[in-house]
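Enquirer: Have a look at the structure that comes next, please.
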Amino acid sequence: MITNILPYLAESLLCGIIFLVFYRLVLAGEKSFSFNRFYLLGSLLLMFLLPLLHINTQAGGVGDLSTIYLPEVEMNGGKNVSTNEATIHWGLWVLWSYLAISAILFIRLVSNLTNIMQRVRKAESSTEDGYRLVHVREDVPVSTFFHYIFWPQHMSLSTEEQSMVLKHEITHVKQWHTLDLLLVNTLASLFWILPVWKQYRKAFEETHEYLADREVLRNTTPQSYGSLIAKYTLKQSGLTLTHSFANQSLKRITMMKNTLNSIKPMKLLMAFPLAAVMFWTVSCEESDVIEEEQTEQPVLKEHTTIESEAGELPDDVLTIVDEQPMPEGGFPAIAQHIQETLKYPGEAEKLGIEGRVYVQFIVNTDGSISNVKAIKGIGHGCDAEAIRVVSEMPHWNPGIKDGETVKVRMVLPIVYKL
């Protein structure tokens, strides 16, 4: 399990870093605030979705060759009990430690949410049109959490200035900005090992503030509103998970000064090729063999073929025959031979290597096996061991074409699994 989780987390981290770098270099300076918000949300989705997608793509230059494809045989690493048990125990310790930290962080997140709701219940409040105004003490900054607006009882601001602050906070409520931050904080507690969450929080917070500022600036000048932000900027950090009016104050004032800059559509369109490149890089993988769905019972399928880049096919070797080669004792005998004979390579077991090795071979007219080679493997001794075991397979009944025995090329997938 650990060997599957680690590559997934690594690919998720790669996606997250690239998406954030693109945001900072291309989108952060643009005034396309709504697009930026949905880009950040979309990048979070792709960050976890793309590593889950694995699409096999056939490499170029594939000929018209076909090869008879056998059901796969699975090799478990349980024969080396001491090494395998040590690997399992190590993996379980890592997994449980990770889950314990995630649980602690998630409990802390729930505690912060509970703290906010307790403040709401204890404070006096009034229900307005689409939001609830919660009156708090003076040292708590104006901030928003879902439809709750925390409003200090006494503020040294004029009525006009308070109106601008309130409109700013109402925008947070109407556009559900708290939901974005709650999503990021939840993912951060579950996937805390990925070092991207601080930057994602910062990106979302500044985008939310820009969106709220834009609504206020529809009825006021950047100069007067910028003066209000500078005047109101507070030293305290405020409540966790809320949008404080003083957030990102310097960046907001700077962005307002650039209000005449137009949005560059080409920069926005660059996000779509980036998503396509990441999809190709992370989700698509070249495959020399197209896997077909296997039956639960290890029985040979009649006239089952796959395409392969296994090289030129000799004239006397066939792939389409009247009767396929059949191992003496049937396929279960071959599966038993492999499971009893194949040894999980020590290096692969130590490193936690798992995967499939595709072994190609020819069944000759006398039923012997020749030309054994791995056409796709996982290395670390697994390919060589699979070749050795297949070379030592028991006698086969040869394939028949037009009443005569013929040579037939076949592929056997061997699965290494710890």
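Taken together, the values in this text are just the output of simple stated rules run on the coordinates, not laboratory data. In this text, all values refer to a predicted model and were calculated from it rather than measured experimentally. Neighbour counts are summed over all protein chains in view; Cβ atoms, including those assigned to glycine, are modelled from backbone coordinates with ideal geometry.
Enquirer: Run the quick spin-label model on residue 156 and residue 190: label points 7 Å from Cα toward the beta carbon, then report their separation in nm to one decimal.
Expert: Label at residue 156, label at residue 190, 4.6 nm between them.
Enquirer: For residue 25 and residue 373, what is the calculated FRET efficiency with R₀ set at 60 Å and r taken between the beta-carbons, to the nearest 0.05?
Expert: Calculated value: 0.80.
Enquirer: Moving on to the next point. So for the pair residue 137, residue 53, with labels modelled 7 Å out along Cα→Cβ, what separation do we get in nm?
Expert: Once both label points are built, they end up 5.2 nm from each other.
Enquirer: Sort 105-115, 34-44 by packing, meaning the average of other beta carbons within 10 Å per residue, with the highest value first.
Expert: Put in order of decreasing packing, that is 34-44, 105-115.
Enquirer: Hey, another quick one. With just the Cα atoms defining each centre, how far is segment 136-168 from segment 388-418? Give it in Å.
Expert: After rounding, the separation between the Cα centres reads 78 Å.
Enquirer: Still on this model: First measure r as the distance between the Cβ atoms of residue 266 and residue 340, then evaluate 1/(1 + (r/R0)^6) with R0 = 51 Å and state the FRET efficiency to the nearest 0.05.
Expert: It comes out at approximately 0.20.
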